[in-house]
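Reviewing the structure listed below.
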Amino acid sequence: MNAAVSIGEPWMWGVFIAFVLAMLALDLFVFGGSKVHKVSVKEAASWSLVWISLALLFNAGLWWYLTGTVGAEIADRKALEFFTGYLIEKSLSVDNVFVFLLIFTAFNVPAEYQRRVLVYGVLGALVMRAVMILAGAWVVQEFSWVLYLFGAFLVVTGGRMLFVAEEEPDMTQNPVLRIARKYLRVTDEHHGEKFVVQKNGIRYFTPLFLVLVLVEISDVVFAVDSIPAIFAITTDPFIVFTSNIFAILGLRALYFLLADMADRFHLLQYGLALVLTFIGTKMLIMPWFHMPIAISLTVVTVLIAGSVVASLYVSRKPD
């Protein structure tokens, strides 16, 4: 496996990062993201549509630019790599939603206060993903054999997910929380959206702060699973970075869109487990069989769509 040369030029990186910062600013400060409120399904659906549309428009623009600069063959391949990588990362981010829901439920966080945790959670995720992706791209470029380790890791992770898909971990017994409660002063009750409060001149952390810690840690765990997966599709740092970031940008809207009907998609985790297993296997067999990206896209689409349809069928209400 040879590392691919990136199509991302310095100005492209700069424009994309500026675009991400501008969209985050609009979301947080112009369109109501900074106000305390319960995010409605309509609002979440609208923002989900916006983020998905922007990702597709970006891919179309990238294809158009590459067609005129490096030719249609490379443009087609890179556009397909981006779309496949985005679909994989978007699908795997659904698992984040299930865990976020477990965390908020375990700490009885009111719906109107969940928004702020997810705002900081997404911002933290963007920074962590950027660092991990760039570090991973450098490792893959210098030591291409590490892709086989990624493949083996994904197969093991997918297999483990298949066996524990129905288990719900006890978030309140997380070792990080036990350490935090031991060394930090934590209030027993929520104080609105505040992470820190003052009582008699003494600083106390609120349960919402602990929730934020768990959300950030869970995203690191999911990044360890999802980032290796996209390297099975492409080793181009620009494609890996942009497709991953677009998936994370829509994570907050996806949570509020699916939170009230997560129980109806309980079989989706089996589909995600099979996706990881498939991608890991694809990476391991590359010395003998190089699977076209179109086939990978088809398999991933069928697995995700199949698990969604199966979930809806099983959870349908009897007549």
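The values are calculated or read from the model by the stated rules, or taken from the named source; none is laboratory data. Quantities reported herein were computed from a predicted structural model and do not represent experimental measurements. Every residue, glycine as well, gets a Cβ built from its backbone with ideal geometry; the counts of neighbours run over all protein chains shown. Accessible surface areas use protein heavy atoms only, side chains included; no ligands, DNA or RNA. Shrake-Rupley method; radii C 1.70, N 1.55, O 1.52, S 1.80 Å.
Descriptive notes on the structure:
- Verdict on Ala125 being more than 23 Å from Leu21 (Cα to Cα) and crowded, with 19+ Cβ neighbours inside 10 Å: no
- All of (1) among the small types (Gly, Ala, Ser); (2) crowded, with 21+ Cβ neighbours inside 10 Å; (3) closer than 28 Å to Asp76 by Cβ hold for Ser307 with one exception: (3).
- Residue check, Leu276 touching an Asp or Glu at 6+ places or on another chain (Cβ under 8 Å) and more than 26 Å from Val50 (Cα to Cα): yes
- Among the residues here, Val20 qualifies as at pLDDT 80 or above and open to solvent by less than 80 Å² (accessible area, probe 1.4 Å).
Residues checked against (1) hydrophobic (A, V, I, L, M, F, W, C); (2) surrounded by 16 or more Cβ atoms within 10 Å (Cβ to Cβ); (3) at pLDDT 85 or above:
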site: Thr84; (1), (2), (3): no, yes, yes
site: Val94; (1), (2), (3): yes, yes, no
site: Pro110; (1), (2), (3): no, no, no
site: Gly121; (1), (2), (3): no, yes, no
site: Val140; (1), (2), (3): yes, yes, no
site: Phe143; (1), (2), (3): yes, no, no
site: Tyr148; (1), (2), (3): no, no, no
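- Scan of segment 85-115 for residues that are of a type in the set (Val, Ile, Thr) and farther than 13 Å from Phe246 by Cβ, ordered by number: Val94, Val97, Val99, Ile103, Thr105, Val109
- The set of residues from segment 195-216 being loosely packed, with under 13 Cβ neighbours inside 10 Å and under 21 Å from the mean Cα position of the chain (by Cα) is empty.
- Out of Arg77, Arg181, one residue alone is modelled with pLDDT of 85 or more, in a helix (DSSP H, G or I), open to solvent by 50 Å² or more (accessible area, probe 1.4 Å) and charged (D, E, K, R). It is Arg77.
- The single condition among (1) open to solvent by 20 Å² or more (accessible area, probe 1.4 Å); (2) under 24 Å from Leu21 (Cα atoms); (3) in contact (Cβ under 8 Å) with a residue 12 or more places away in the chain; (4) of a type outside the set (D, E, K, R) that Gly61 does not meet is (3).
- Checking each residue in segment 217-259 for being of a type in the set (Ser, Thr, Tyr), surrounded by fewer than 24 Cβ atoms within 10 Å (Cβ to Cβ) and assigned to a helix (DSSP H, G or I) picks out only Ser218.
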